[in-house]
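J.: Mind looking over this structure? Questions follow.
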Amino acid sequence: MIEPPGAKPYGAEPPAAVRRRTNRFAIVALITGLAGMLLFAVGFAIAAFVQINRRGEKGRGLAAAGIAASVAWVAAITVAVVAGMAENPADKALASDFGQPRASTLKAGTCFIGFEDKGAGIFMRAAPCKGPHEGEIGARATLRERPYPGDREVLAEAEKLCRDRTAFLEKTGRADDFRLYIDRPDKGTWGHGDRAVTCVLRYIGSSYLVLPIKDLLTGPRDYTDLVPGDCVKAWDESDVVTVVGCTKPHKMQVFAVFELDGDTFPSIGEMDDRAGRGCADRALRIWGPHGFPRNVEPSYVGPNSVAWEQDERQIVCMVEAVKGSLKRSLLPK
C-alpha cells in the first residue's frame with residue numbers, strides 16, 4: 001500500500017512501498033556537485049538548506065554531499081590526468097569481445113550483456129532476464145538457399161525476416177526504446193551452408209532492462225516490476241500501478257531502477273539519503289548537469305522494513321508532473 005509523502009497512519013503496519021519527496025534544490029545540488037560544478041553546487045545547496053528548514057522536506061544530506069562531490073570530482077580529474085600521462089597505449093590493444101560468444105550461439109528469448117557490434121558478427125554474453133541486462137535475442141531465422149548474394153542483400157533479406165519475427169515488440173508500447181541488430185553469415189560461412197540469422201533487440205534507454213521484453217506490456221504492474229522508461233498513469237493506495245503508453249496522459253515516469261545493499265534496514269533518513277543520491281547520480285547521466293526537465297519533481301519508491309526482510313531492496317526513481325499530466329516520454333533517445 002502506498003501512502004502520500006509524509007503520511008504516517010496511526011497504529012498501522014508501514015506500507016510495502018514508501019514514497020518520499022526530496023527537496024528539488026538538494027537533488028540539483030548533488031547533480032551539479034557530481035558534475036564538478038562547484039559554484040553551482042554551493043548555490044543550490046544553500047537554497048536547499050533554506051527550503052528544507054522552511055518546509056521540513058528531506059535532502060539536507062544530499063545538499064551537503066553535492067558540495068563534497070564537486071570537490072572530489074575536481075580532485076579525481078587531476079589524478080586521472082596525471083595517471084593518463086603514464087598509461088601505456090599497448091594496454092588497450094586487446095579486442096573487447098575476446099572470449100564472448102556470437103549472438104548466433106544463443107537461443108531466442110535469451111537476455112544478454114556485454115554487447116559488441118562487429119558488423120556481420122554480434123557478440124555478447126547471456127545474462128538472467130530478471131537482472132540488469134542490455135537486451136534480448138528477439139528471434140532466429142534461416143535465409144533461403146542460393147549462391148552468396150553479397151552482404152548488402154543478405155542484410156536486407158535478414159532485416160525483413162527479423163522485422164516480421166519481432167513485430168510483437170510493438171505491443172509493448174516501447175518499440176522506440178530498442179534497436180535491431182542482425183548477426184548474419186558472411187561469404188565464408190555461407191559457403192559452408194550457414195544461412196542462419198539472429199535478430200538482436202538491444203535496449204537504448206537510459207539504464208538497463210530488468211525484465212524480459214514480454215513483461216513490458218502496458219497495464220497493471222507491481223511497482224517492483226517497473227523499468228526505466230515506464231510511464232505511470234497515477235499512484236494510488238496500492239503497490240500495483242497502471243503503466244500506459246507515454247503518449248497518453250500520465251502523472252509520472254520511471255527514469256532509473258537500482259538496488260540498495262546491506263543486511264540491516266536503514267533508518268528513514270538514511271533511506272532518503274541513499275535513495276536520493278542513487279537517483280540523483282542516475283539523473284546526471286540522463287539529463288546532465290542541468291538537472292531534471294522543467295515542471296516535474298523527483299520522487300522515489302522503496303521497501304519498508306517488512307519487505308526488506310523479504311530481500312526486497314529495489315529503489316524506483318521517478319519524475320512526477322507538478323501540475324497536470326505528462327504527455328510524452330522525458331527520457332532522451
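J.: Sorted from largest to smallest, which semi-axis lengths in Å does the alpha carbon gyration tensor of the stretch 177-229 give for its equivalent ellipsoid, taking the root of 5 times each eigenvalue? Spell out each step's value before the answer.
T.: Numbers: eigenvalues 241, 25, 11 Å².
That gives 35, 11, 7 Å for the three semi-axes.
J.: Could you list the residues of the stretch 267-299 with an amide nitrogen less than 12 Å from a label point located 7 Å from the Cα of R55 in the Cα-to-C-beta direction?
T.: 296-299
J.: Show me the ranking of peptides 243-250, 25-32, 319-326, 226-233 by mean Cβ neighbours inside 10 Å, starting with the highest.
T.: Details: 243-250: 17.1, 25-32: 29.1, 319-326: 14.5, 226-233: 22.8.
Descending mean neighbour count gives 25-32, 226-233, 243-250, 319-326.
J.: Would you tally the net charge around L216, using a Cβ to Cβ cut-off of less than 12 Å, leaving L216 out, and scoring K and R as +1, D and E as -1?
T.: Details: positive: K171, R174, K214, R221; negative: E136, E170, D177, D215, D225, D230.
Charge balance in the 12 Å sphere: -2.
J.: Enumerate the amide H contacts of V296 below 5 Å, restricted to partners 5 or more residues apart or on another chain; note that Pro and chain-start residues carry no placed amide H.
T.: V322
J.: Given the Cα atoms of the stretch 264-303, and with Rh set as the inverse mean 1/r over their pairs in the Kirkwood sense, what is Rg to Rh to two decimals? Each step should come with its number before you reach the end.
T.: Working: Rg = 11.7 Å, Rh = 11.3 Å.
Rg/Rh for the stretch 264-303 comes to 1.04.
J.: With a 1.4 Å probe and all protein chains left in place, how much of the accessible area of the stretch 184-266 comes from carbon and sulfur atoms, in whole percent? Please report the intermediate quantities before stating the final value.
T.: Numbers: 1830 of 3550 Å².
Carbon with sulfur: 52 percent of the solvent-accessible area.
J.: Taking the Cα centre of each part, how many Å lie between the stretch 103-180 and the stretch 253-267?
T.: That distance is 32 Å.
J.: Please say if the stretch 99-197 is rounded, prolate or oblate, where rounded means a/c under 1.5 for a ≥ b ≥ c the square roots of the C-alpha gyration tensor eigenvalues, and otherwise the choice is prolate for a/b larger than b/c and oblate otherwise?
T.: Numbers: a/c = 2.27, a/b = 1.43, b/c = 1.59.
Oblate, because a/c is 1.5 or more while a/b does not exceed b/c.
J.: Sticking with this structure for a sec: Give the whole-number value, in cubic angstrom per residue, of the convex hull volume spanned by the C-alpha atoms of the stretch 200-283. Don't skip to the end; give the middle numbers.
T.: Values: hull volume 11.1 nm³, N = 84.
It comes to 132 Å³ per residue, whole-number rounded.
J.: On to the next question. Would you list the P(r) distribution for the stretch 246-327, with all Cα-Cα distances sorted into 5 Å bins from 0 and each bin expressed as a whole %?
T.: 3, 14, 23, 21, 16, 12, 8, 3, 0
J.: When the C-alpha atoms of the stretch 287-333 are aligned to their principal axes, what extent does each axis show, in angstrom, from largest down?
T.: Here the spans come out as 37, 25, 17 Å, largest first.
J.: Over the alpha-carbon set of the stretch 137-286, divide Rg by the Kirkwood Rh and report the Rg/Rh ratio to two decimals.
T.: On the way: Rg = 20.8 Å, Rh = 18.4 Å.
Reported Rg/Rh, Kirkwood definition of Rh: 1.13.
J.: Another question, if that's okay. Run the 1.4 Å probe and let me know the accessible area of S104, rounded to the nearest 10 Å².
T.: That residue has around 50 Å² of solvent-accessible surface.
J.: Need the full-extension length gain, Q310 to R163, defined as separation in residues times 0.36 nm minus the C-alpha distance. One decimal, nm. List each step's numbers first, then the result.
T.: Working: separation 147, 0.36 × 147 = 52.92 nm, distance 4.11 nm.
Working it through step by step, the gained length comes to 48.8 nm.
J.: In a shell of Cβ-Cβ distance under 10 Å around L106, excluding L106 itself, what net charge do Lys and Arg (+1) and Asp and Glu (-1) give? Could you put the intermediate results ahead of the total?
T.: Numbers: positive: R102, K107, R125, R140; negative: E136, D183.
Computed value for this residue: +2.
J.: Mind listing the long-range amide H neighbours of C129? Cut-off is under 5 Å, sequence gap 5 or more, other chains count too, H placed in the peptide plane at 1.01 Å from N.
T.: Residues meeting the amide H criterion: C111.
The values are calculated or read from the model by the stated rules, or taken from the named source; none is laboratory data. On a predicted model such as this, the values are computed, not experimentally measured, just so you know. Quick reminder, even Gly has a Cβ in these numbers, built from the backbone with ideal geometry, and neighbours come from all protein chains shown. Areas reflect the complete protein model, heavy atoms only, side chains present, ligands, DNA and RNA absent. Shrake-Rupley method; radii C 1.70, N 1.55, O 1.52, S 1.80 Å.
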